[in-house]
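Accompanying notes for the structure given below.
The values are calculated or read from the model by the stated rules, or taken from the named source; none is laboratory data. What you are looking at is a predicted structure, and each value in this text was computed from that prediction instead of being measured. In this analysis, Cβ positions are derived from the backbone assuming ideal geometry, glycine residues included, and neighbour counts consider all displayed protein chains.
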Amino acid sequence: MLLGAGMAVRVWNRTAVTARPLAADGATVATRPQDAVEGADVVLTMLSDGGAVEEVMAGGALAAMDDAAVWLQMSTVGLEATERLPRLAGERGVGLVDAPVLGTRGPAEKGQLLVLASGPPQCRERCDEVFDAVAARTMWLGPAGEGNRLKLVVNAWLLGLVGALAETIALARAVGADPERFLEAIDGGPVGVPYARLKGRAMIDGDFPTSFPLRLAGKDLGLVREAAAAAGQPLPVADALAAQVERAVAAGHGDEDLAAIVRA
């Protein structure tokens, strides 16, 4: 999407083979993160967790950034890392915008993500150019960190929905009801959401092409539970769901789509 918007893009990935195909689309593939960020106006990080982001940036990328560059941190990292990363940026003297996204592979490929942005107002104009290329909508939420806070809340709802959906389909089969009829019954009504039909269809068919891997859904659920524990907020539904995710991952479904939780 960034290339399609006419931006000059340099990319680096911890798994080099993943980045190489982007060269055919016009991106410059860097061999080191320092080479990717040097001279860039905006440095975008989207890695699997906070530890990975901190390792890459503190390991040389942050030092190689231009003083006037903006660090656009778009990974879902949880509250602990959300507090550490702005301190790293402040020590280096660059602005950090915390901007995790909502949406999976399909919306990302179509530039239809939702960005939950938070950070210094003076960084907004440069970031909006990037957001306009990858997202259908951007919500600006306030100081850096508000984006990841809201992302955890949304993830709690989304993962709870998928877990309840899997359990409902399992119940339908157990009592001899047609799960197809369940999806039909809720479709278009106040209790029906398009996401339920999308993931419910995958669960019924037993076909789980990966839009978002179950193992990463488990990581995000862990961040939700960590934040809740730190705030003293019990989350019994999330706790039960975590056990189901662990069971499905242990059974070998971690790299399948999160709908594979129905296997548990």
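Could you count how many residues in region 54-112 are surrounded by 18 or more Cβ atoms within 10 Å (Cβ to Cβ), at pLDDT 90 or above and in a loop (DSSP other than H, G, I, E, B)?
Residues flagged as surrounded by 18 or more Cβ atoms within 10 Å (Cβ to Cβ), at pLDDT 90 or above and in a loop (DSSP other than H, G, I, E, B) within region 54-112 amount to 9.
For region 229-264, enumerate the residues that are without any contact (Cβ under 8 Å) to a residue 24 or more places away in the chain and over 24 Å from Thr168 (Cβ atoms).
Ala229, Ala231, Gly232, Gln233
Within region 119-145, which residues are part of a loop (DSSP other than H, G, I, E, B) and either surrounded by fewer than 16 Cβ atoms within 10 Å (Cβ to Cβ) or of a type outside the set (Gly, Ala, Ser) (or both)?
Passing the criteria: Pro120, Leu141, Gly142, Pro143.
Anything in region 11-28 that is surrounded by fewer than 18 Cβ atoms within 10 Å (Cβ to Cβ) and not in a helix (DSSP H, G or I)? List them, or say none.
Once the filter is applied, which keeps residues that are surrounded by fewer than 18 Cβ atoms within 10 Å (Cβ to Cβ) and not in a helix (DSSP H, G or I), region 11-28 yields Asn13, Arg14, Thr15, Gly26, Thr28.
Could you list, in sequence order, the residues of region 166-200 that are in contact (Cβ under 8 Å) with a residue 60 or more places away in the chain and crowded, with 19+ Cβ neighbours inside 10 Å?
Within region 166-200, Ala166, Ile169, Lys199 meet the criteria.
So which of Glu184, Glu246, Glu180, Glu226 is over 25 Å from Glu146 (Cβ atoms), under 24 Å from the mean Cα position of the chain (by Cα) and of a type in the set (Asp, Glu)?
Working: Glu184 fails: under 24 Å from the mean Cα position of the chain (by Cα); Glu180 fails: under 24 Å from the mean Cα position of the chain (by Cα); Glu226 fails: over 25 Å from Glu146 (Cβ atoms).
From the options Glu184, Glu246, Glu180, Glu226, the qualifying one is Glu246.
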